[in-house]
Structures are given as C-alpha cells and as structure tokens.
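Below is one structure, written out as structure tokens, with a few remarks after it.
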Amino acid sequence: MTVFGNYARYYDLLYQDKDYIGETQFIHQLVQTNAPDTATILELGCGTGHHAILLAKEGYSVCGVDLSAEMLQYASERLDRVSPELRARLEFSQGDLRQVRFDRQFDVVLSLFHVISYQTTNADLLAAFTTAKMHLKPGGLLIFDVWYGPAVLSDPPTVRVKRLENESIQVTRIAEPIVYPNKNLVAVNYHAFVKDKNSSAIDELSETHTMRYLFKPELELLFSQLQMQIVDDREWLTDRRSGLNTWGVYFIIRN
C-alpha cells in the first residue's frame, strides 16, 4: 500500500485544526433552540465520526452514514475507545446519502462539512433532500452547510497550499480551483505530496473535488417541492446574516 493508499489515513491530519468541539457546541445550540426535545440524529456524510461521537456525549443517539468504507473503519476504531454507555448511543453504516434508507425516523438530520455541495446536479440534490425528508419525523429539522453562491462569485476561490505533519508523515497539499459559473460549480484540483519520515519515500496524489455553490432561491424551490420550509440561513459558526462575504452558510429546514 502506498502512503496515500488510504485517504482516511491522512484525512484527520489534513483537518487536525478543525474545531470539532466548537462546531459540535454550535450544532447543539442550534438544535436546542429550534428543536429542544431532540433525542435522535441521523448524520449524512459522517466521515470518521468526530461530530457523531461528540454529539453522543451531549446525550443524543446518533446514526452516522458515509459512502467511504475507509472513513467508517476509522469511525469504528473510535468507537473502540469510548465507554460502553457512549457506544450504545452510536452506530455507523455505509451508504449513499442519495439512496440510503432506514426503517425509522429521526428528530434531526445533519449533513455537515459541505457534504451537500458535493451533490452537483439537481437530481443529486433532490435525492439527498428526499432522503432527509423520509427520515425526519413531522416537524423535524434538517441542518446542513454549503458553499454559498453570492460569496463564491464575489470572492472567487484562489490557489492555496497547506502543509502539515504528524509523527510518521509530512503532507503538502496544493489546491487549484477552476470556477464554472454557468454550472454553479467549482472544480478543486488537489495535488498532494506525502513524505514518509522513516523511509523518506515521497508519494503523490492528484484528485479533483467538484463542489456546487448554492443560492437561497434554488433551495427554496427544491424544498417547496418536498413541502419543507427554510427556517433560517446564516454564516457557519459566526451566525452573521448570509451575504456576499459568507462563504460557508448553514441552512435550517423544517419538515
């Protein structure tokens, strides 16, 4: 296996500076403000399980779903390190958020870290939101964050370089975006160099993440088809009103 043979191996390293605790408290406050009786949460796109485990510590029962078996393996390993009481409130399943179906409903559905922006077509978006609706109890909430269209177009993405390391590897990742304004898409071309500290071997990986930036009117149209209503939309973590300078915006939707 190459150094980059398993994306999940370096995923947590790439996002080691992500404030999972602060984000979880922010989500917890949103839930308590808008649906204070919430007990159960479905997380679509749970990744390696950081948010799910922290939400379980707040007392919620959390079901996490992700498409990546590798990500879920890391989430499973995290479960092995928590108490039996906490583990009883957590479960992880592999599935495509556009198609996955459970035989029960939840108080809240979450989809964080721009997972919805990875749904690049209208059909993908509608399928993802249909999954959320089918798993929400009447009056339940869908909470998700996206790349916000007005900000993306007023402050276009630029080339960025990220460097980081742990005890075994050093990673340098270059992100080169290409904007497709007539498709509401940004193709982010990643090129990463990974150095093994023990052998000094360097591995390379190139991949493209295509992201859709979204506007409130198109979301209003999609949710009107599902008979769901936008409750609020603000900047992620700051709660500023959505606008030309709010790249990451969360939406709260009532079923």
| Computed helical MRE - 222 nm, the chain, DSSP H runs ≥ 4 contributing -39500 (n - 2.57), nearest 500 | -8500 deg cm²/dmol
| said: Report the Cα centroid-to-centroid distance between the stretch 197-255 and the stretch 115-192 in angstrom, as an integer. | reply: 6
| field | FRET E, pair Ser200, Gln227, Förster distance 41 Å, beta-carbon r, rounded to 0.05 | value | 0.10
| task | Give the dimensionless ratio obtained when the Cα radius of gyration of the stretch 152-212 is divided by 2.2 N^0.38 Å. | result | 1.39
| Pairs of lysine in the chain with Cα under 29 Å and at least 8 positions apart or on different chains: total? | 15
| request: Calculate, in nm to one decimal, what Arg101 and Leu164 gain on full extension: separation in residues at 0.36 nm each, minus their alpha carbon distance. | output: 18.9 nm
| field | Segments 199-206, 121-128, 142-149, 104-111 sorted - mean Cβ within 10 Å per residue, highest first | value | 142-149, 104-111, 121-128, 199-206
| said: Sort 66-78, 160-172 by the packing proxy (mean of other Cβ within 10 Å over each peptide's residues), most packed first. | reply: 66-78, 160-172
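Readers should treat all values here as calculations from the given coordinates under stated rules, not as data from a laboratory. All figures in this text were calculated on a predicted structure; none of them were measured in a lab. Methodologically, a virtual Cβ is constructed for each residue, glycine included, from the backbone with ideal geometry; neighbour enumeration extends over all protein chains shown.
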